1. With the condition kept exactly as written, say whether any residue in the stretch 200-209 is acidic (Asp, Glu), over 16 Å from the mean Cα position of the chain (by Cα) and either more than 11 Å from Asn92 (Cα to Cα) or not assigned by TED's automatic domain parsing to the domain that holds Tyr94 (or both).
2. What do you reckon, is Gly217 at pLDDT 95 or above, more than 14 Å from Ser152 (Cα to Cα) and small (Gly, Ala, Ser)?
3. Taking helices (runs of 4 or more DSSP H) that do not extend beyond the stretch 157-261, which have at least 3 residues that are within 21 Å of Gln104 (Cα to Cα) and among the acidic types (Asp, Glu)?
4. What are the residues in the stretch 235-248 that are farther than 11 Å from Ile184 by Cβ and touching a residue at least 40 places away in the same chain (Cβ under 8 Å), if any?
5. Of everything in the stretch 175-186, what is without any contact (Cβ under 8 Å) to a residue 60 or more places away in the chain and not β-branched (Val, Ile, Thr)? Give them in sequence order.
6. Select the helices (runs of 4 or more DSSP H) contained entirely in the stretch 1-57, then report the ones holding at least 1 residues which are within 19 Å of Leu223 (Cα to Cα) and touching a residue at least 40 places away in the same chain (Cβ under 8 Å).
7. Taking the criterion of being in contact (Cβ under 8 Å) with a residue 12 or more places away in the chain, among the β-branched types (Val, Ile, Thr) and buried (at least 17 other Cβ atoms within 10 Å of the Cβ), would at least one residue in the stretch 204-217 satisfy it?
8. If we keep just the residues of the stretch 1-28 that are in contact with a Lys or Arg (Cβ under 9 Å, 6 or more places away or on another chain) and modelled with pLDDT of 90 or more, which is surrounded by the fewest Cβ atoms within 10 Å (Cβ to Cβ)?
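The values are calculated or read from the model by the stated rules, or taken from the named source; none is laboratory data. Since we're looking at a predicted model, the values are computed, not measured. Here Cβ is always computed from backbone atoms with ideal geometry, including for glycine, and neighbour counts include all displayed protein chains.
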Amino acid sequence: MKMVGKQVAAARITKNLTQKQLGGLVGLDAETIASIEQGRRALMPDVAELMDPLLGLPGLLTVAANEMPARDASTPWSEEYMELEQQAITLNWYESTVIPGLLQTENYMRALFRCRVPAFLPEEIEDLTVRRLSRVQILHRRHPPNVTFIISETGLSDRIGGDEVYAEQLRHLLVCLEIPHVTIQVLTLGQTFHPAVSGSYTMLETAEHQHFGYFEGQRGSKLVTDPDDVSILAQRYAMLRTQALNPRETKGLLDRLLGEL
């Protein structure tokens, strides 16, 4: 992807176009063009077909986009999100079915990866675990972001990995509750209404005060950059916080669940 991105950048500069101008011609924003040029996002064939005549290229980008090695469609989006996450000054995370990744223990991570169908190879589970553990360091860096988590009680009901892994995970959540810049709330079962029935998502703010949203599905993921769409996610999150247990009540629930084991 980086090689194709460099080709786009070189041709754009030759044509004296800014990233914003090129994006306007092909229906993308400047941030997306920048991501393509930096190799963080794949150049889609339909966009390549539009770029070729605009940049004076005889079908070169189209050929490159169509011949690019197959990979999961979520990868460019997730890679870009991971980079933004490392630089975030605020992070808000709603999780509807499992424990949020940044709050997971190593054993819980491995148990989740073993749930995958078709199954991951042992070396794939190892690689995925190492990657996720590296993300957890966000909470412990010298200048950490302000992070809030809302976890559906559904995510606390399943005992992924068995009782021992589950108990360790509950104890870890109690430890994380004591981190000054981390807030954890549980959205209890039995709600008659809540604004995030469509699933999990995260939002973050960068040091430049740019706001992004991100969500994943079973076969794909999406980085949300449109300000209107990010605003909608923020409104939903604000409502969720009013419905969820406060941190003190959340601690009480976790203590009770741990005591029932």
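1. yes
2. Criteria not met by Gly217.
3. Those helices (runs of 4 or more DSSP H) span 163-176.
4. If the condition is that a residue be farther than 11 Å from Ile184 by Cβ and touching a residue at least 40 places away in the same chain (Cβ under 8 Å), then Gln235, Arg236, Tyr237, Met239, Leu240, Arg241, Gln243 are the ones that fit.
5. Glu178, Pro180, His181
6. 30-37
7. no
8. Among those residues, the one meeting the criterion is Thr18.
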